[in-house]
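Below you'll find the structure, written out as structure tokens, and then a few comments.
Derivation of every value follows stated rules applied to the coordinates shown; laboratory data play no part. All values reported here derive from a predicted model rather than from experimental measurement. Methodologically, a virtual Cβ is constructed for each residue, glycine included, from the backbone with ideal geometry; neighbour enumeration extends over all protein chains shown.
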Amino acid sequence: MFLEEIIKGNGFENREVECKQILNRNDIEGWIKTIAGFANAEGGTMYIGVDDKTNKLIGFDRKQADNERNYFNNQVNEHLSPRPPYRIDFISYKVRDKELFIIAVKVEKSPVRPVIVKFKNVPSIYMRREGFTNGATYEEIIDMSIKSQNTSFDTLISEHIYKRDDFSKLFKFHEEHSKGKKLTDKALTSLGFFDENKKLANGAVMFSDDYSDSKTEVMCSAFSGFNKGSERIVTVNKFSGCLTDTIEYMQDFVTQRMNHTMVKESSSRVNIDAYPARALFEGIINAVAHRDYFLDGTQIQVDMFRDRLEISSPGSFFQSTKIEKTYDLSSIMSKRRNELICGILVSCNVMEAAGTGFDKIVEDYSKADEKHRPYIYSTSDHFTLVLPDLTYDGGVEAEPTENLIYVPVPNGSKYDDKILSFCYNNAKTAAEISEYLGMSDSSYFRRKFLNNLVENDYLILSGEGRTKYYKTNQDNVELG
């Protein structure tokens, strides 16, 4: 018996239909990405208990079907964020008077997109296309964010109730940066801190004194050399707390460890810090304000190297174009992803309403030479501000790439690290990879560089026809 005999339509796999014999317990990501892909596209139906090549019904008895449904729900809760809207139906049929069932999971287009797949603390974004699911392109991710019905994670209402005594740290932070001015409940109401029932918004909860969930997690590291992979790690500290504590923790971590020097001028001596205090503070505030709090399993990264400081925040620039690397910080129009968090920071006078934080960083580095110019770059899943160490004469000597750990590729090339880094979180086409490397998308490029990585299982190739996608095989390549 075949699927098309019990449902309308031909039942063949396409943009809106996927068939699975059973939910593979050894490759959860292999099927759950389809649910995310449906939710990120226009919706679709996954039929479980159906052979994906022939559409022949395999089916389950009632108990097996119920177990499969429970397993499905558990995995969605664990690995998808936000949980997409879907309905599970049992479709019955008979074989020799024995009642069997297939499972139809009907996924709707998610009102909050993108829906993120999380495995091994690495978030990925997928899109459903004709008959297959693979990594969403940068343009698709931006389009999903723009069209999402809910504006931001921080403005969604939680189940927590507002109590003024729970926010003493926020009020102290506000007074310290506002010349003693107190933050009133009226002001909080106007910002959307809580609703008419005193229920707090998600962003407000993260300012509460005892908050310690992973949404505010930061990883602060100091390295003895120029990169993560080949030099000794001096220290690695993780911290999670309320947002004001998080800001102060990052600032203290850097100021306690950065270098200082002194320059003699004609009539005086000038003390120089590795990182100007205002530039450092603006960089930290920017990372907290524009972090994508939908991305679970991620954290703000503060990495100190011999020549520079890198502050990386999950999520690319909101509703903005991808930035490979630019020194023109003043030209970047960083739209607000988190209206409530930004509103609180503006109220505390630590963030400009006009978004001029980057201008202050440029001003602090205005007397530095070309080798010590701050710059910024972004990908589809994070953005990074780089502040050069003003006490290091050589300027910034390292290139911005992900720190990857893997066995050297047989017959590898000098481009392997950049390719694997570029394709680590999202699948890319050969044209996108060649453009990123500044090379021509030629047959030689694909054969020499991409095919070698595919043949040695460092890249996974997917897709059909002329449009093929490459993604780093995370079983063989790990983030350091």
Please report S313, S124 as a ranked list, fewest other C-beta atoms within 10 angstrom at the top and most at the bottom. S124, S313
Expressed to one decimal in nm², the mean projection of the alpha carbon convex hull of region 79-186 is 13.1 nm²
Cleavage-rule hits, trypsin sites (Lys or Arg not before Pro), region 1-109, DSSP coil, Cβ neighbours within 10 Å at most 11: K8, R25, K53, R96
Computed over the chain: longest principal axis from alpha-carbon atoms vs helix 243-257 long axis, angle to nearest 10 degrees, is 60 degrees
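Pull out a ≥ b ≥ c, the square roots of the eigenvalues of the alpha-carbon gyration tensor of the chain, then state rounded if a/c is under 1.5, prolate if not and a/b is larger than b/c, and oblate in the remaining case. Mind showing how you got there, number by number?
Working: a/c = 2.56, a/b = 1.46, b/c = 1.75.
Verdict is oblate for the chain.
For the chain, what does the relative contact order come out to in percent, with C-alpha contacts under 8 Å and a separation of six or more?
With pairs under 8 Å counted, the relative contact order is 12 percent.
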Debye intensity ratio in log₁₀ form over the Cα atoms of region 404-479, taken at each q of 0.12 Å⁻¹: -0.27
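For the pairs K118/K163; K169/K215; K163/K215, flag any whose C-alpha to C-alpha distance is greater than 25 Å. Mind showing how you got there, number by number?
On the way: K118/K163 33 Å; K169/K215 18 Å; K163/K215 21 Å.
Long pairs (Cα-Cα over 25 Å): K118/K163.
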Lysines within cross-link reach of K53: Cα-Cα under 25 Å, excluding same-chain residues under 8 positions apart? K8, K20, K33, K94, K98, K106, K468, K471
Relative to the longest principal axis of the chain, what angle (0 to 90°, nearest 10) does the C-alpha long axis of helix 277-290 take? 20 degrees
Using only Cα atoms, find the angle between the long axis of helix 28-40 and the longest principal axis of the chain, and express it within 0 to 90 degrees, rounded to the nearest 10. 80 degrees
So for the chain, taking the charge dipole from beta-carbon charges (+1 Lys/Arg, -1 Asp/Glu), which of M262, G49, L100 sits furthest toward the positive end? L100
At R0 = 22 Å, how high is the FRET efficiency between M1 and D89 if r is their beta carbon distance? Nearest 0.05 is fine. 0.80
Cut-off 20 Å (backbone N to label point 7 Å along Cα→Cβ of E363), residues of region 176-204: 177-179
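Just add up the charged neighbours of T133: K/R +1, D/E -1, any other residue whose Cβ is under 9 Å from the Cβ of T133.
Working: positive: K33, R128, R129; negative: E18.
My count for the surroundings of T133 gives +2.
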Rg/Rg_globular for region 3-147, with Rg_globular taken as 2.2 N^0.38 Å and Rg from C-alpha atoms: 1.04
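Which residues make up the longest stretch of the chain clear of chymotrypsin sites (Phe, Trp or Tyr not before Pro) that lie in a DSSP loop with no more than 14 other Cβ atoms within 10 Å, not counting the sites? List each step's numbers first, then the result.
Numbers: sites that count: F12, Y327.
My reading of the result: 13-326 is the longest stretch.
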Considering only DSSP beta bridges where both residues belong to the chain, give the percentage that are antiparallel (nearest 5). 90 percent
Highest average packing first - 264-273, 174-183, Cβ atoms within 10 Å: 174-183, 264-273
Arranged by the count of other C-beta atoms within 10 angstrom, fewest first, what order do D292, D369 take? D369, D292
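For the chain, what is the mean residue ellipticity at 222 nm derived from helices alone (per DSSP H run of n ≥ 4: -39500 (n - 2.57); sum divided by total residues; nearest 500 deg cm²/dmol)?
Numbers: 13 runs with 128 residues, N = 480.
About -8000 deg cm²/dmol.
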Given charges of +1 on the Cβ of Lys and Arg and -1 on the Cβ of Asp and Glu, with all other atoms neutral, how large is the dipole of the chain about its Cα centre, in debye to the nearest 20? 520 debye
